[in-house]
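To start, the structure under review is shown below, and the notes come after it.
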Amino acid sequence: MEVRDTHNYTQDVDTLFKYFCDSAQAQAKHEALGARNINLVKFESTDSTLNIIIEREVPADVPRAMKKFLSDWNHIKQVENWSGTPGEGYHCDISIEISGVPVTIVGTMDLAPEGSGCSNTVCLDINCGIPLVGKKLAELVASQSKTSMREEYEYVKTAVA
């Protein structure tokens, strides 16, 4: 199941990339979005690369039928590997693990110049190999991912302005 969205910003591509490269901003963003026990396991950046491993607990609105797989709070490990060329754009390979949940989440983010601003196209592929309930679980995770992406976009758009 694919989740895709494009976020448009008025800032140029390098301004937004530099924002992503600020560990204090990353911490503040996740706190503002309701995460707890945030741990920046790895946060290394240069002018053209960013490598992140961040672990956190995030809240989830879980229907009773899915409580066997997901909790009200879930431990997430997110790995992002960004590379690019200043002024031209940046590409990220991303993977997300939800502890104890049999779902794989992998994807990409592409930060590109767009007029005087830029856009960030996020594409996640969410899969679950469990027969019967796997599709419903993947749909639930996809729905939660869409909500998280929208909330993160609104936060970043305001914070970077």
Here is a list: Thr121, Thr147. Which entry is in contact with a Ser or Thr (Cβ under 7 Å, 6 or more places away or on another chain) and either at pLDDT below 95 or under 17 Å from Asn81 (Cβ atoms) (or both)?
Thr121
Can you report the number of residues in region 11-33 which are more than 16 Å from Met109 (Cβ to Cβ) and either of a type in the set (Lys, Arg) or surrounded by fewer than 13 Cβ atoms within 10 Å (Cβ to Cβ) (or both)?
2
Listed by first then second residue, the pairs whose first member lies in region 132-161 and is without any contact (Cβ under 8 Å) to a residue 40 or more places away in the chain, whose partner is of a type outside the set (Lys, Arg), with beta carbons under 6 Å and at least 6 positions apart or on separate chains, are Gly134/Cys128
Among residues of region 122-161, those that are under 21 Å from Lys18 (Cα atoms) and part of a helix (DSSP H, G or I), counted
12
Within region 65-88, the count of residues that are out of contact with any Ser or Thr (no Cβ under 7 Å at 6 or more places or on another chain), over 17 Å from Pro102 (Cα atoms), part of a loop (DSSP other than H, G, I, E, B) and not charged (D, E, K, R) comes to 1
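Within the bounds of region 56-64, is there any residue that is part of a loop (DSSP other than H, G, I, E, B) and surrounded by 15 or more Cβ atoms within 10 Å (Cβ to Cβ)?
Yes, there is a match, as at least one residue in region 56-64 is part of a loop (DSSP other than H, G, I, E, B) and surrounded by 15 or more Cβ atoms within 10 Å (Cβ to Cβ).
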For the structure I just gave you, tell me whether Ser119 is surrounded by 14 or more Cβ atoms within 10 Å (Cβ to Cβ), touching a Phe, Trp or Tyr at 6+ places or on another chain (Cβ under 8 Å) and assigned to a strand (DSSP E or B).
yes
Scanning region 44-82 for residues that are β-branched (Val, Ile, Thr) and closer than 26 Å to Val133 by Cβ, which turns out nearest to the chain's Cα centre (by Cα)?
Ile76
So, of the residues in region 1-41 that are farther than 21 Å from Arg56 by Cβ and assigned to a loop (DSSP other than H, G, I, E, B), which turns out to be nearest to the chain's Cα centre (by Cα)?
Met1
Hey, does region 112-127 have a residue that's of a type in the set (A, V, I, L, M), in contact with a His (Cβ under 8 Å, 6 or more places away or on another chain) and closer than 16 Å to Met1 by Cα?
yes
Based on what the data block shows, is Glu88 out of contact with any Phe, Trp or Tyr (no Cβ under 6 Å at 6 or more places or on another chain), under 22 Å from Asn39 (Cα atoms) and modelled with pLDDT of 95 or more?
no
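The values are calculated or read from the model by the stated rules, or taken from the named source; none is laboratory data. Here the structure is a predicted model, which means the values were calculated and not measured. Methodologically, a virtual Cβ is constructed for each residue, glycine included, from the backbone with ideal geometry; neighbour enumeration extends over all protein chains shown.
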